[in-house]
Amino acid sequence: MKGINYKKLMDSKKNTRVRTKKNIIANLTVSGMLLTSTVVVPASLLWAPTTVEAALVSAELFSDITASNNSGTSASAPYATPGATNQVNFSISGSNAVTVDVLNGDKVAVVGVPQGLTGLVQPAGNASISTNVTLQLGNFPALQTLIGTVTPAVDTLISTVDGIVNQNLADALDIPPTIVGGLPNPLYTAASIVDVSQVISVNLDEITTQLDLLNQLGQFGQANFEVPAGLTENERALIANVDDGLFIVVNQRINQILDNLQAAQIQVSILDGASGIPGIGTLISGINTLVQTTVNTAKATLNGTVETAQNVLNATTNLADQVASASVLGQTNVVIPTNVTSPTYAQLVENGVANPSTPYEARFEATMSQLDLITIDLFTDADGNNSIWFAPDTPEDQTDTPTINPLTAGETTISGTAEPGAAITLAINGGAPITTTADGEGNWTTDVPELVEGDTVTAVAEADGESASEPATATVAAPVVNAPTASITGNSTDGYPVTGTAAANAAIEITNAEGEVVGTGTANENGNYSITLNPADVAENENLNVAAIVTAGGQTYRSGNTPIVVPADDAEQQTGTPTIQPVTAGDTSVSGTAEPGASITVTVNGADPIVTEADEEGNWRVDVDEVSEGDTVSAVAELEGQT
């Protein structure tokens with residue numbers, strides 16, 4: 001027989017249920033096909049259960065399911081070493097089958113993993129399955145067709161054998177009753193009273209044994225096989241597909257019976273004592289040859305019929321579904337081997353267990369169900385039907401997570417808060433650690449290399465007698481560069497002074513409408529600047545923009561623009577408007593900028609004016625009575641010869 005194309009057979013399951021299958025290895029064989037079948041189903045034949053995201057519901061395959069594990073643990077004898085790996089077998093048994101619907105998916109064995117052990121339970125080899133199977137032939141039309149084809153073909157062979165062995169030798173060998181001259185033929189006389197069955201034995205036991213096995217497939221009997229145990233994607237369940245393994249076992253047994261039927265030998269032999277029958281000694285060899293030839297021809301015809309029927313069976317597109325639908329499980333035992341890692345207290349908390357007890361009971365739900373009825377997301381530890389006990393480590397108090405004050409590119413210090421006296425470990429972009437200690441009020445600060453926009457800073461605090469905190473993380477932001485203040489005065493003869501304030505030490509850039517730079521300068525440490533524009537570079541009434549540029553962390557940052565307009569020459573030119581630095585309630589002085597040398601008149605709420613003069617850099621300052629919230633401060637500048 002040609003090798004069985006298991007890929008084609010398994011792919012047939014896709015026709016009625018969407019199920020992803022891996023490639024199928026062909027030409028599996030099983031030796032010694034008796035009533036009990038034992039086979040290891042390769043992982044490549046089976047569905048990999050990584051997409052089940054659906055707590056185990058009450059739709060179980062048996063009404064009397066029991067489950068256990070061999071951990072040997074209890075509340076008084078838990079696994080005592082957090083982090084250790086323990087080999088644990090989960091056993092699931094049932095015998096009282098309930099009605100199942102093939103449309104609800106494959107029959108599977110499932111071990112639901114409690115939430116606290118998510119990621120800590122892994123399959124450790126193949127699941128072993130032992131089940132007593134009955135095949136409901138009414139749900140297995142392909143097998144009915146096969147039996148309906150093979151049985152009549154065997155009957156035909158048996159009839160052919162019966163037909164020849166139940167003749168007398170004379171008829172079988174066409175011996176004439178008379179000889180020349182019409183005299184009686186003595187050979188005919190001797191042969192006509194001896195049946196072929198008295199001379200030749202034809203043994204059909206090998207044929208009938210295989211036919212009986214084929215007709216008794218409804219009482220399939222014990223099937224022992226192994227299938228891979230897969231872990232769901234969310235690591236909350238182990239699943240072993242019973243139907244996939246059962247299909248291989250059933251199909252192999254059917255094909256083995258058919259192979260054995262084709263290989264069966266029909267034993268043709270001369271009976272002891274045949275040579276002592278009077279008058280037929282010369283006929284024995286001839287009748288033996290005739291019977292052997294007849295039997296061989298009939299067997300060849302049977303083999304052709306069996307091979308054709310076998311090919312039709314294996315080409316059945318929904319054969320796997322027919323096997324699943326026809327299979328009724330009796331007493332079934334499943335063992336799923338696993339490696340279970342003992343959890344630490346921190347792992348239990350991380351997996352969502354609030355205030356884990358010591359010892360900790362992990363309740364597993366082990367059952368047999370149908371694939372489409374499994375809803376792992378609804379599984380809760382309270383549903384478990386067998387337990388493993390653990391002794392997680394006693395947790396230390398954890399240090400509070402520190403804070404990190406906002407960070408800006410260009411800064412060379414980092415500060416924040418933590419538990420008083422806690423050791424602080426910093427890292428910038430995961431680099432070398434930088435350490436400091438929080439003071440008695442919980443404040444900490446440390447010098448660092450100049451920060452760059454986008455740098456990631458982490459801080460971990462650890463107080464004496466406590467475990468390290470969770471890390472605090474902050475990202476370095478770009479500096480905010482405010483647009484400068486700006487005023488312009490002057491004329492086309494002496495030039496145009498532009499004065500104002502910006503970020504301390506910022507570069508000042510003045511551009512025209514085309515973006516051409518017409519003036520540059522630098523603000524001093526107080527943020528004041530003064531730039532005189534060359535009359536040749538600008539025109540009266542021309543629109544200009546003033547921007548501040550700051551370099552921080554190796555990058556430059558530009559402010560928005562402050563617009564100014566080049567003044568036109570007048571008979572009497574107006575002095576540029578002075579600036580006033582922010583004034584806060586309680587201040588006793590007012591300061592600002594103006595054109596260098598300008599006379600500054602300051603009033604508070606319109607009271608008596610106070611007069612001062614801007615210095616050569618344009619800065620001015622006056623003392624005033626203590627100002628209050630809501631007071632209005634005004635300043636007017638006047639250069640000699642201008643208004």
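Rule-based calculations on the coordinates, nothing more; no lab input. Note that the structure is predicted; figures quoted are calculated from it, not measured. For neighbour counting, all protein chains shown are included, and Cβ atoms are generated from backbone atoms with ideal geometry for every residue, glycine included.
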What Kirkwood radius, in Å to one decimal, follows from the Cα pairs of segment 165-259?
19.1 Å
Taking placed amide H atoms and a strict 5 Å upper bound, the residues 5 or more places from D455 or on another chain that come that close are V476
Residues whose modelled amide H sits under 5 Å from the amide H of G597, counting only those 5 or more places away in sequence or on another chain, are A614, D615, G618
Give me E516, E60 sorted ascending by neighbouring Cβ count inside 10 Å, so fewest comes first.
E516, E60
Rough spin-label spacing in nm, given labels placed 7 Å along Cα→Cβ, for T149 and A124:
4.7 nm
Apply the Karplus parameterisation 6.51 cos²θ - 1.76 cosθ + 1.60, with θ equal to phi minus 60°, to every residue of segment 357-365 and state each ³J(HN,Hα) to the nearest whole Hz, in sequence, with x for glycine and proline.
7, 10, x, 9, 9, 9, 9, 9, 10
Where does each of 614-622, 201-209 land if you order them by average Cβ count within 10 Å, highest first?
614-622, 201-209
Only one of the values [x] 33.5; [y] 35.3; [z] 26.6 was calculated from this structure for Kirkwood radius over Cα pairs in Å; name its label.
[y]
Alpha carbon centre of segment 143-194 versus segment 388-402: separation in Å?
91 Å
Between S467 and V633, with labels modelled 7 Å along Cα→Cβ, what's the label distance in nm to one decimal, could you check?
5.6 nm
With +1 at each Lys and Arg Cβ and -1 at each Asp and Glu Cβ, the charge dipole magnitude of the chain around its Cα centre, to the nearest 20 debye, comes out at 6940 debye
Would you grab the residues whose amide H sits under 5 Å from the one on I200? Only those 5+ places off in sequence or on another chain, please, with H modelled 1.01 Å from N.
L271
Could you give each residue of segment 255-268 its phi-based ³J(HN,Hα) in whole Hz, using Karplus coefficients 6.51, -1.76, 1.60 with θ = phi - 60°, and x for Gly or Pro?
5, 5, 4, 5, 4, 5, 5, 5, 7, 4, 9, 9, 7, 10
Starting at the first residue of segment 178-189, write each ³J(HN,Hα) from the Karplus equation 6.51 cos²θ - 1.76 cosθ + 1.60 with θ = phi - 60°, in whole Hz, x for Gly and Pro.
10, 10, 4, x, x, 6, x, 8, x, 5, 4, 4
Within segment 489-533, name every residue whose backbone N is under 11 Å away from a label modeled 7 Å from Cα of D569 along the Cβ vector.
491-495
Among Q331, L302, I280, the residue whose Cα sits farthest towards the positive end of the charge dipole of segment 277-408 (+1 at Cβ of Lys and Arg, -1 at Cβ of Asp and Glu, taken about the Cα centre) is I280
